[in-house]
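I have a structure here, written as structure tokens, and I will follow up with some questions on it.
The values are calculated or read from the model by the stated rules, or taken from the named source; none is laboratory data. All of these numbers come straight from a predicted model, not from anything done at the bench. Note that we place each Cβ from the backbone using ideal geometry, even for glycine, and neighbour counts take in every protein chain shown.
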Amino acid sequence: MANPNPPPVIVVGAGLAGLSAAYSALQAGSPSVRLLERAAKPGGNSIKASSGINGAPTKYQNAAKYGVDNSFWDDTVRSAGTRLNATVAEPIKKQRQGLISTLTTRSAAAIDFLVDLGVDLSVVAQLGGHSKPRTHRGAGKTPPGASIVTTLLAKLKDQGPDRFSLVTEAEVTKLLTSSSSPTTVTGVEYRNPQNADPAAAPPQTLHGPVVFTTGGFGGDTHGLLAQYRPDLSGLPSTNDPRPGAHAVLSAAGARLVDMESVQIHPTGFVDPASPQTPVKFLAAEMLRGEGGVLLVKGKRVVNELETREKVSGVIMGLTQAEEEEGEGGLRQWDVQLLLDPGATEAAAGHVGFYLWKGLLRKVKVSELDETTRETLREYAAVVRGEKEDAFGRVSFGHWRLGADGEFDEDAEVCVGRVTPIVHFTMGGAVFNEQAQILSSELGEEEKPIGGLWGAGEITGGIHGDNRLGGSSLLECVVYGRIAGEQAAKAALQARA
Ligand SMILES: Cc1cc2nc3c(=O)[nH]c(=O)nc-3n(C[C@H](O)[C@H](O)[C@H](O)COP(=O)(O)OP(=O)(O)OC[C@H]3O[C@@H](n4cnc5c(N)ncnc54)[C@H](O)[C@@H]3O)c2cc1C
């Protein structure tokens, strides 16, 4: 019999996974959703997403030009690498493949869900590792993360305060379990946001089914990152500097998987105005694709178009910048990204923003030091095809400085300091295709923790060694929707 007075669905973390879960729980009939967020504002790292969200096949993909897109599953499996290769035990493979299957087969519906809410996703690009263009974003200037998050938040607020409430500065510190069944979650304990000294205040409790969507640990550089990847400890990140909430799940019996799989990006901008800031802007890959080169003490050190892992590895093999060393400090390298006039023009949209932020600056070639000028002259000879690149670069984007044999010392180039950064954490809580958090290891007989669902970067097992660009926003929407629906069902069936 339906409960005449069902409990609220509790969602922990107001990034895209949490917002998708909250909206879907209400759509599925839950009378109310309580969304608890540790930060002062909702949006998490989701609001920063800049490339887009994957989906296939969708009406926005150009099937006439590229053919119908039925290779998303294959691309995702390939990207998962060693975590899904021939040597992996069958039950583990099955569970990983099931998670990927749900992700990819529900991807078109995820795009429709967002478009129906009013998000523009009409522009489709092809990112690295994808065999077809399938990463969707809007045609306007608002980046996809911001437009998706703000649209969902507005739709949730439209539901009215009785149905939806968001409490910010509310950190969930514990999952409550049933005294009769310790493997069933019955609610959460969180710190009182209203109190002047939240740390000293008695925690508050809230009862109902819980959807856990607290994101990854890329920004937890001296905490979980140091624990699972000591070699990466101290690296700055594109992610907010905040501790991971994984221990809250583990205390309720959740298992973690793939925690060592961490995605590094070779080029985060070091802001000269605040070089020690742990959170960095990404120097987008396309800056190198359009012709940018990387210089250390005026010399190139790598083929700039190698994989992220390779480029990061070469840089991190060099001596790091002296002034950044020290306990609790950041590990950073002194690498210059240099764009000639051709690359600057081709990347004009991005470059304008970076110049405005002070992350890139314009200088005349004649103002560069002699070693750098010599390197650029040699590089121009490679671009002209007169000699082979020592690092194997064969594609030069729109580089034109010296390409016609004239080395214009009056030409203006753009220069900015970059360093490798942590971008995404593939690992997280073991879960299943119904978005239930499990107390069993991956590949074991599934043991769902009652009353608990999860979605987004906090979960593990989908991406294996490497996440495809555009697939993290997607996992937030696909599994957030499933988690919200399932939690709503549980709330409606809960005993009065
Ligand atoms: C600069 C940048 C660009 C990116 N671009 C893309 C892209 O184009 N496409 C793509 O697919 N992915 C992209 N990503 C990755 C993607 O944005 C994230 O992986 C994804 O948005 C994570 O969403 P989430 O909802 O799981 O977590 P988040 O969005 O990080 O939200 C988690 C929320 O939980 C809160 N929280 C944490 N612990 C607690 C607690 N104990 N109690 C209460 N609240 C808590 C946090 O404060 C946070 O607000 C990008 C990431 C960055 C940083």
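When you go through (1) under 19 Å from Gly469 (Cβ atoms); (2) part of a loop (DSSP other than H, G, I, E, B); (3) away from the ligand (no atom under 14 Å from the Cβ); (4) of a type in the set (A, V, I, L, M, F, W, C) one by one for Ala201, which number turns out not to apply?
Going through (1) under 19 Å from Gly469 (Cβ atoms); (2) part of a loop (DSSP other than H, G, I, E, B); (3) away from the ligand (no atom under 14 Å from the Cβ); (4) of a type in the set (A, V, I, L, M, F, W, C) one by one, Ala201 breaks only (1).
List pairs: first residue in region 144-171 and in the same structural domain as Asp116 (by TED's automatic domain parsing), second residue crowded, with 17+ Cβ neighbours inside 10 Å and charged (D, E, K, R) anywhere in the structure, Cβ distance under 6 angstrom, at least six positions apart or on different chains.
Listed by first residue and then by second, the contacts come to Pro144/Arg137; Gly145/Lys48; Ser165/Arg34; Thr168/Glu37; Glu171/Arg38; Glu171/Arg191.
Tell me which strands (runs of 3 or more DSSP E) are completely within region 342-460 and hold 2 or more residues being more than 30 Å from Ala252 (Cα to Cα) and more than 16 Å from the ligand (Cβ to nearest atom), or say none if there are none.
361-364, 412-425
Could you list, in sequence order, the residues of region 463-481 that are more than 9 Å from the ligand (Cβ to nearest atom) and surrounded by 24 or more Cβ atoms within 10 Å (Cβ to Cβ)? Outline the logic, then answer.
Step one: list which residues in region 463-481 are more than 9 Å from the ligand (Cβ to nearest atom), which gives 463-466, 477-479, 481.
Within region 463-481, His463, Gly464, Val477, Val478, Tyr479, Arg481 qualify.
Another question about this same structure. Show me the strands (runs of 3 or more DSSP E) found entirely inside region 64-167 where at least 3 residues are out of contact with any helix residue (DSSP H, G or I) (no Cβ under 6 Å at 6 or more places or on another chain) and of a type in the set (A, V, I, L, M, F, W, C).
On the way: elements: 123-125, 135-137, 164-167.
Output list reads 123-125.
Could you tell me which residue of region 338-363 is farthest from Ala139 (Cα to Cα), considering only residues that are touching a residue at least 40 places away in the same chain (Cβ under 8 Å) and within 23 Å of the chain's Cα centre (by Cα)? Write out each step before concluding.
Here is the first cut: in region 338-363, the residues touching a residue at least 40 places away in the same chain (Cβ under 8 Å) are 338-347, 350-351, 354-355, 357-363.
When the remaining residues are screened for being within 23 Å of the chain's Cα centre (by Cα), the result is 347, 350-351, 354, 357, 359.
Values: Ala347: 17, His350: 15, Val351: 19, Tyr354: 20, Lys357: 23, Leu359: 25 Å.
Among them, the one singled out is Leu359.
Something else: Here are Val302, Val314: which of them is within 25 Å of the chain's Cα centre (by Cα) and at pLDDT 80 or above?
On the way: Val302 fails: within 25 Å of the chain's Cα centre (by Cα).
Of the residues listed, the single one that is within 25 Å of the chain's Cα centre (by Cα) and at pLDDT 80 or above is Val314.
Scan (1) more than 16 Å from the ligand (Cβ to nearest atom); (2) crowded, with 21+ Cβ neighbours inside 10 Å for the single condition Gln27 breaks and write down its number.
(2)
Collect the residues in region 207-228 that are away from the ligand (no atom under 11 Å from the Cβ) and more than 30 Å from Ala494 (Cα to Cα), keeping them in residue-number order.
If the condition is that a residue be away from the ligand (no atom under 11 Å from the Cβ) and more than 30 Å from Ala494 (Cα to Cα), then Thr221, His222, Gly223, Leu224, Leu225, Ala226, Gln227, Tyr228 are the ones that fit.
Is there a residue in region 33-53 that is away from the ligand (no atom under 12 Å from the Cβ) and under 25 Å from Asp240 (Cβ atoms)?
First, the residues of region 33-53 that are away from the ligand (no atom under 12 Å from the Cβ): 33.
From what is left, the residues that are under 25 Å from Asp240 (Cβ atoms) are 33.
Within region 33-53, one or more residues are away from the ligand (no atom under 12 Å from the Cβ) and under 25 Å from Asp240 (Cβ atoms).
If I ask for residues that are of a type in the set (Lys, Arg) and under 23 Å from Asp220 (Cβ atoms), which ones from region 24-58 would you list? Give the derivation first.
From region 24-58, those of a type in the set (Lys, Arg) are 34, 38, 41, 48; that's our starting set.
Once the filter is applied, which keeps residues that are of a type in the set (Lys, Arg) and under 23 Å from Asp220 (Cβ atoms), region 24-58 yields Arg38, Lys41, Lys48.
Which condition does Gln61 not pass, out of (1) touching a helix residue (DSSP H, G or I) at 6+ places or on another chain (Cβ under 8 Å); (2) more than 7 Å from the ligand (Cβ to nearest atom); (3) in a loop (DSSP other than H, G, I, E, B), if it passes all the others?
Every condition holds for Gln61 apart from (1).
Continuing with the same structure: Go through region 366-400 and count every residue that is surrounded by 13 or more Cβ atoms within 10 Å (Cβ to Cβ), free of Cβ contacts under 8 Å to residues at least 60 places away in the same chain and of a type in the set (Lys, Arg).
Total meeting the criteria: 3.
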